[in-house]
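Step one of this worksheet: look at the structure below.
The values are calculated or read from the model by the stated rules, or taken from the named source; none is laboratory data. Predicted model only: the values in this text are computed from it and were never measured. Quick reminder, even Gly has a Cβ in these numbers, built from the backbone with ideal geometry, and neighbours come from all protein chains shown.
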Amino acid sequence: MPIISMFYGIIIRLYLLDNRHNHLPHIHARYGEFEATVGILDGEIIIGELPRKQLRLVQAWIELRRDELAAD
């Protein structure tokens, strides 16, 4: 799974052929021992857990890149 971004200790990955979550467009975010699948359309956690501060950073990151992520 390729890493597409790293910031503030958060690693963002994008599976190319990952359809385990009802075909919802999503990314995978990891911060230390925490990992979550986050929806691209709404920025909400589909599964997993992230600390609140890091989730807000991931949501802002998604917001800035939503069009690019949706195209992939």
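A few comments on the model shown:
- Pick from segment 49-70, criterion modelled with pLDDT under 95 and not charged (D, E, K, R), ranking: surrounded by the fewest Cβ atoms within 10 Å (Cβ to Cβ): A70
- Cβ-Cβ distances below 8 Å connect the following pairs, each with a first residue in segment 23-48 that is surrounded by 17 or more Cβ atoms within 10 Å (Cβ to Cβ) and among the aromatic types (F, W, Y), a second residue that is part of a strand (DSSP E or B) and modelled with pLDDT of 95 or more, and a separation of six or more residues or different chains: Y31/I10; Y31/I11.
- Residues located in segment 57-66, provided they are more than 13 Å from G39 (Cα to Cα) and free of Cβ contacts under 8 Å to residues at least 40 places away in the same chain: L64
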